[in-house]
1. Among Trp45, Asn86, Thr58, which residue has its Cα furthest toward the positive end of the charge dipole of the stretch 37-86, with +1 on Lys/Arg Cβ and -1 on Asp/Glu Cβ?
2. Report the gain in length on full extension from Ser39 to Ile294: 0.36 nm times residue separation, minus Cα-Cα distance, nm rounded to one decimal.
3. Of the listed pairs Lys77/Lys144; Lys54/Lys82; Lys83/Lys285; Lys18/Lys289; Lys21/Lys127; Lys154/Lys289, which have alpha-carbon separations greater than 23 Å here?
4. Between Val187, Val161, Val176, find the one with the highest GNM mean-square fluctuation for the chain; connect C-alpha pairs within less than 10 Å.
5. Can you give the charge dipole size of the stretch 64-194 about its Cα centre, rounded to the nearest 20 debye, using +1 on the beta carbon of Lys and Arg and -1 on the beta carbon of Asp and Glu?
6. If R0 is 35 Å, what FRET efficiency do you get for Gln71 and Glu93 from their C-beta distance, rounded to 0.05?
7. Two-decimal Rg/Rh of the chain from alpha-carbon positions, Kirkwood Rh?
8. Of Asp184, Asp272, Asp149, which is the most mobile in a GNM of the chain whose springs link Cα atoms less than 10 angstrom apart?
Amino acid sequence: MPDTIEEKDWDRLLGRIKEGKCTAFLGAGACYGFLPLGSQIAKEWAELYKYPFKDSYTDLARVAQYLAIDQDGMFPKERLIKKFQNIQQPNYEDPDEPHGLLADFRLPIYITTNYDNFMIQALKSRKCDPLQELCRWNSILKKKSSVFDNRNFKPSNARPVVYHLHGYLEEPESLVLTEDDYLDFLVNISKDADIIPSAIQESLAKTSLLFIGYKLADVNFRVVLRGIIGYLEKSLTRSHISVQLIPGGDSISQEEKDNSQAYLDDYFNRIDIKVYWGTSREFTKELRKRWEKIK
């Protein structure tokens, strides 16, 4: 399957990785095969808890919202944490495993919308001393101390930060899961600029972003783009790269795929994001091959 980024895009990405001027952004697709898909969890919950809206059986945010109303606000988060217990870790020595390759880059900051600890474990496997931080997007989280409270702290390749934008499993209140959570997250970070630490803001504005494991249709990716669009506009016209699956899968014709792909290319070009069309693994394999030649 051909990608749509050019040689100059690869060269620029590799150069910025080598200089530490790239920030990796991880979505669910980076964990494919090790964690259940959101659509699978949604369908399971919809059937188990008699979710009444058949047209959104696979929409995790909507099904979780239903459970939050039918039970209480923490119920879907507790169910999710239980679902993720005893998950198998990826093999970070596998050359095509995304977290392992990203750990090899020794970037100062990694941002993720995933709830797992895979990126932390991958960095530890490379003898780094990473710190795990979360976005303090609600009043409960704002009361917690942060490594960024120390204004002299600066993430580095020896002490990188994995920043969980939508929370992580060890902090149930941090999880951005329901529709209301996503709305509250967007409203709060737009009202209070200090919610995102200055070091993370600087990374968003002054490095090239590499999005791995997202689809434009995913609610968390749309929320991420909406939340960081201001930083992208301040990034001095730096280009970014997003790994995206070809739209539609086997359910639509090749012409429909081509038209959808062309539309999405135009959409991303408006915010200077170049698109690699393929899976996270396909991209990782190609990036690994190119990285080995220059490191």
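Computed from the coordinates by the stated procedures, all read-outs in this text should not be read as laboratory data. It should be emphasised that the depicted structure is a prediction, and the values quoted were computed from it without experimental measurement. Cβ atoms come from the backbone with ideal geometry, glycine included; neighbour counts cover every protein chain shown.
1. The one lying farthest along the dipole's positive direction is Asn86.
2. On the way: separation 255, 0.36 × 255 = 91.80 nm, distance 3.88 nm.
Gain on stretching Ser39 to Ile294: 87.9 nm.
3. Values: Lys77/Lys144 19 Å; Lys54/Lys82 25 Å; Lys83/Lys285 30 Å; Lys18/Lys289 15 Å; Lys21/Lys127 21 Å; Lys154/Lys289 31 Å.
Result: Lys54/Lys82; Lys83/Lys285; Lys154/Lys289 exceed 23 Å.
4. Result for the chain, Cα springs under 10 Å: Val187 fluctuates most.
5. Values: 16 positive and 21 negative charges, 120 e Å.
Computed charge dipole of the stretch 64-194: roughly 580 debye.
6. On the way: r = 41 Å, r/R0 = 1.18.
Between Gln71 and Glu93 the formula returns 0.25.
7. Numbers: Rg = 18.7 Å, Rh = 19.8 Å.
Using only Cα positions, Rg/Rh for the chain is 0.95.
8. Judging by the Gaussian network model, the answer is Asp149.
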